[in-house]
Each structure stands twice: as structure tokens, then as C-alpha cells.
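Notes for the one structure printed next.
The values are calculated or read from the model by the stated rules, or taken from the named source; none is laboratory data. All of these numbers come straight from a predicted model, not from anything done at the bench. We place every Cβ from the backbone using ideal geometry, glycine too, and count neighbours over all the protein chains shown.
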Amino acid sequence: MTYFEIRDGVMHAEDIPLPRIAEEIGTPVYVYSRGALEAHAQAFRDGLKDVPKKHLAFAIKCNPNLGVLRVLARQGYGADVVSGGELERALAAGMAAEDIVFSGVGKTRAELAQGLDRGIGQFNIEHEPEGVALSEIALAKEMTAPAVLRVNPDVDAGTHAKISTGKAENKFGVGIDVAPEIFDRLSALPGLNMRGIAVHIGSQLTSLEPLEAAFRRVGELVTDLRAAGHSITHVDLGGGLGVPYKDDDNPPSPAEYGAMVARVTRDWDVTLMFEPGRVIAGNTGVLLTEVLWVKPGASHPFVIVDAAMNDLARPALYDAYHDFVAVRPTGDKMTASIVGPVCETGDTFARDRVTDAVQPGDLGVFRTAGAYGATMASTYNSRSLVPEVLVDGDRYVVVADRIAAGTIMAAERVPDWID
Ligand code: LLP
């Protein structure tokens, strides 16, 4: 079932016609489907049916909206967080502290203390000094921090360079070659309960091979650590599974991913932890926008929409592809560049693309915008912060307000010593 489909010539999110949201809330606006979120959460869990002991922690960086998190909390998901702010969101959304995993390459001492005070389930340690600091902070609180060591397996994830994390030159984790000695030293610290290993090699992976290669290296490390006398009970396999952005994209399904994981980890005898983000949320949301102008260009016209790179940064940052479709498609097509109003050439969603024909006043959507969309929005060019709507059948709620440029300006001041 698809949750964004054309009915009677008009695109709906579940049972809500998108023009109704545009009229009542204005554009640009992110629109999420609760049904799609639940279906994807279930599909990922089903894919792991042959993994006996597992823990699912939604990577909330991809969509930290409280309404979205509450849906996933009800599906039994915990959270993978990377900041104190994300930690508080996960708790506010009703996720249990023990179901929260704290990743993040530069946690502050204050954030480590916050994680301990909140009683989170696991710290993913990025390097030795962080582990030493965590042990000291835990000891001072007469606590023991449950922790795993993140390793960098030196595997090329085959994805965009800016979202690859598992090559030796990337800033994440410790080299897998030096992991045993670091693990030895961290295990000896009284404030830590070193219980396993974590790995995450990148995002939007469209092949299982690099994941399998990384997991096999982790499996060898687990064997070595056990041989050295360590008790390894948890392995965190991170996130990274890609999603289709185009109709003919064909990334591995959660079922294929799960079958690979079950095969590779069969003899590990650990609780496997997962940090899926995009695969849960990516195709559960669209960015709804209105066409402002159609302007002639050198080769093809520019379709100028009211969404911009500040609302959806992925095309500008990663040359990412997001499908653009009309909310009331006529069947006619046009070749155009789709651009936003921001004063940068990088504010281009699509270049010379064959797309649904649109005119000023028409509505369109950028698809696959449920992950790394609203959360990466800014107010660049003094634009408003884009709002978010969650649809559930024939009802919807604004789950994040539009924050007006004036509200942002109200938090600024001119020093009185500038006359
Ligand atoms: N775990 C860790 C440690 C991560 O760093 C990430 C993503 C995830 C899990 C979730 O990965 P996913 O399942 O969503 O692929 N802004 C970029 C993506 C950045 C990903 C950062 N880390 C984008 O828009 O493509």
C-alpha cells in the first residue's frame, strides 16, 4: 500500500488531500504519514525475524519530530541519539531511558553526565579518552556505564563521500586493528561495563556487500575479544540501509538485509542492536510546495517553488535526487530546472529534469523527504522555519509550527553600546 497516492486526480496523504493542508497550513510544509511510519517500522522488525535477540533504536537524527518519535515509541523502538538535545527528545516522546543508545563523535562531559543521570541503556564510545572520561564521571556518581566500543572497519560503503563513515580516514570510531588493546584498557576501568562493539559505515547504502564485509570483521573481533577473556554480550550494527528515491531505484529490502544479518551473525550469541533511520522515515514524508513562477532559462525553464535549500538541504549538500511530482498531475510533462528562492545557484532541486508540467499556483511535492529533511532545515535568507504535519487516516495535526522569521529575529538584540 502506498500512503501518498493520487485519488480523483489529486495527491493525498492517506485520506487527506494535500491541497487542504496547503490551504490550511500554507506552504512549504512537510507532511508525514503515520501509516507509512508504522508499516516501515514493522517491515524492518519483520526483516529481522531470524535474529533472536535484538534491540531497535531509531536514529532520531533523521527525523526527531516528537510526533514521529511517539509513533515509533509505540512500535517498540528506542532511540539512537547523538546529543543531549536528542536524548531529551527521545525521553519526551516516551522512549524508555534503557532503550536509548548514545552515539556521537564528540560527546561533551556534560552530555556523558546527562546520559548517566537519565539512566540510558548504552554509550557507544568513539575513542579511548572518551571512555576514560565516562568512567571517571560514572565513578563520581557511584555508577557503572554500560558501554560498547565503536570500531572503524575500514570498509568503503560505496555511498556519497559526505555520508561515509567506515573508511580509515573518517573521523568515526577506533581502527579495528587497535580495537583489542583499547578494549582491554577500557575494560579495566571501574566505571565502565564494556559489553560489546558498535559499527556504522555510512548512510544510504544500496548494496549489502560493504555491510557484510564490515559485519564479518566485527565478528572476527568478537571472537578475538572473547579469546582474550572478555564477555561480549552486545553488538550494535548501526544503520545505513538505503531507500529508493526514484521509481527504478532498487536498494536491498529490510528482508534481504535481515537475512544477511541473520546469516553472518548466526554464531555470535549476542543481543544485536540496530540504529535504522532513513529506512524507517525516508519514504514516510513529502515536502509540499507551491509553484511561484515559471521563468524562461537558457535551455529550459526554471520552475521557482516556495521551498528552498533551507527547507530541504539534501540536493544542495549531496547533489541528492528527490522526485518532484505535481499534486494535480495533468499527464503533461515538461523539462525544467526546479529551484527555490534562495540567492544561491546551489538552491536547485533538479536540473533539466523531465517532470510533471506545472504552472504558477500549482502545488507539487518533493518525495522521500521524511528523513534528513525538516531536521536539517535552517532559516537562511531570513526565511521561516518549515512546519511539519502528521496525517493519520482522515485527520492531521501540525506537529511542528512554522517559526516565523520575526520570531527568530525577536531572539536577537542590538548591543546598546552601538549607538
Ligand atoms: N547510526 C549512526 C552512528 C549514524 O551516524 C547514522 C547516520 C545512523 C545510525 C542512521 O543512518 P541511516 O539508517 O539513516 O542511514 N544527512 C545525511 C545522512 C547523514 C547520516 C548520518 N549518520 C543525508 O541527508 O543523506
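Identify all residues within the range 117-147 that are under 24 Å from V199 (Cβ atoms) and more than 16 Å from the ligand (Cβ to nearest atom); write none if there are none. E128, P129, G131, V132, A133, L134, S135, A138, T144, A145, P146, listed by residue number.
Per-residue answers, yes or no, for (1) at pLDDT 95 or above; (2) surrounded by fewer than 22 Cβ atoms within 10 Å (Cβ to Cβ); (3) among the charged types (D, E, K, R):
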{"residue": "F123", "(1), (2), (3)": "yes, no, no"}
{"residue": "M143", "(1), (2), (3)": "yes, yes, no"}
{"residue": "A147", "(1), (2), (3)": "yes, no, no"}
{"residue": "V151", "(1), (2), (3)": "yes, no, no"}
{"residue": "I163", "(1), (2), (3)": "no, yes, no"}
{"residue": "N170", "(1), (2), (3)": "no, yes, no"}
{"residue": "G173", "(1), (2), (3)": "no, no, no"}
{"residue": "E181", "(1), (2), (3)": "yes, yes, yes"}
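Could you check the range 85-97 and list, in sequence order, the residues that are away from the ligand (no atom under 16 Å from the Cβ) and either surrounded by fewer than 16 Cβ atoms within 10 Å (Cβ to Cβ) or under 22 Å from A198 (Cα atoms) (or both)? Lay out the reasoning, then the answer.
Applying the first criterion (away from the ligand (no atom under 16 Å from the Cβ)) to the range 85-97 yields 88, 91-94, 96-97.
Listed by number, the residues that qualify are E88, A92, G94, A96, A97.
Filtering D347, D356, D362, D323 for residues that are acidic (D, E), at pLDDT 95 or above, within 16 Å of the ligand (Cβ to nearest atom) and surrounded by 17 or more Cβ atoms within 10 Å (Cβ to Cβ) leaves a single hit, D323.
Would it be correct to say that E212 is touching a Lys or Arg at 6+ places or on another chain (Cβ under 9 Å), within 20 Å of K49 (Cβ to Cβ) and either among the charged types (D, E, K, R) or not in a loop (DSSP other than H, G, I, E, B) (or both)? For E212, the condition - touching a Lys or Arg at 6+ places or on another chain (Cβ under 9 Å), within 20 Å of K49 (Cβ to Cβ) and either among the charged types (D, E, K, R) or not in a loop (DSSP other than H, G, I, E, B) (or both) - is met. Kindly establish whether G196 is free of Cβ contacts under 8 Å to residues at least 12 places away in the same chain and not assigned by TED's automatic domain parsing to the domain that holds G370. No. If only residues of the range 293-308 that are in a strand (DSSP E or B) and either crowded, with 22+ Cβ neighbours inside 10 Å or touching a residue at least 12 places away in the same chain (Cβ under 8 Å) (or both) are counted, the one that is nearest to the ligand (Cβ to nearest atom) is V305.
Among the residues of this structure, E86 does not count as one that is in the same structural domain as K167 (by TED's automatic domain parsing), farther than 28 Å from V68 by Cβ and out of contact with any strand residue (DSSP E or B) (no Cβ under 6 Å at 6 or more places or on another chain).
When only residues in the range 1-14 that are more than 20 Å from T330 (Cβ to Cβ) and out of contact with any strand residue (DSSP E or B) (no Cβ under 8 Å at 6 or more places or on another chain) count, which is surrounded by the fewest Cβ atoms within 10 Å (Cβ to Cβ)?
Initial filter on the range 1-14 (more than 20 Å from T330 (Cβ to Cβ)): 1-3, 13-14.
With out of contact with any strand residue (DSSP E or B) (no Cβ under 8 Å at 6 or more places or on another chain) added as a condition, the list becomes 1-2.
Working: M1: 7, T2: 10.
Taking the candidates together, the pick is M1.
For E23, state whether it is of a type outside the set (A, V, I, L, M, F, W, C), over 16 Å from the mean Cα position of the chain (by Cα) and more than 25 Å from G238 (Cα to Cα).
Yes: the conditions hold for E23.
Could you check the range 233-292 and list, in sequence order, the residues that are farther than 29 Å from N193 by Cα, within 15 Å of the ligand (Cβ to nearest atom), in contact with a Ser or Thr (Cβ under 7 Å, 6 or more places away or on another chain) and hydrophobic (A, V, I, L, M, F, W, C)? Across the range 233-292, the qualifying residue is only V243. The listed residues are A227, A168, A161, and the only one of them that is within 14 Å of the ligand (Cβ to nearest atom), without any contact (Cβ under 8 Å) to a residue 24 or more places away in the chain and out of contact with any Ser or Thr (no Cβ under 8 Å at 6 or more places or on another chain) turns out to be A161.
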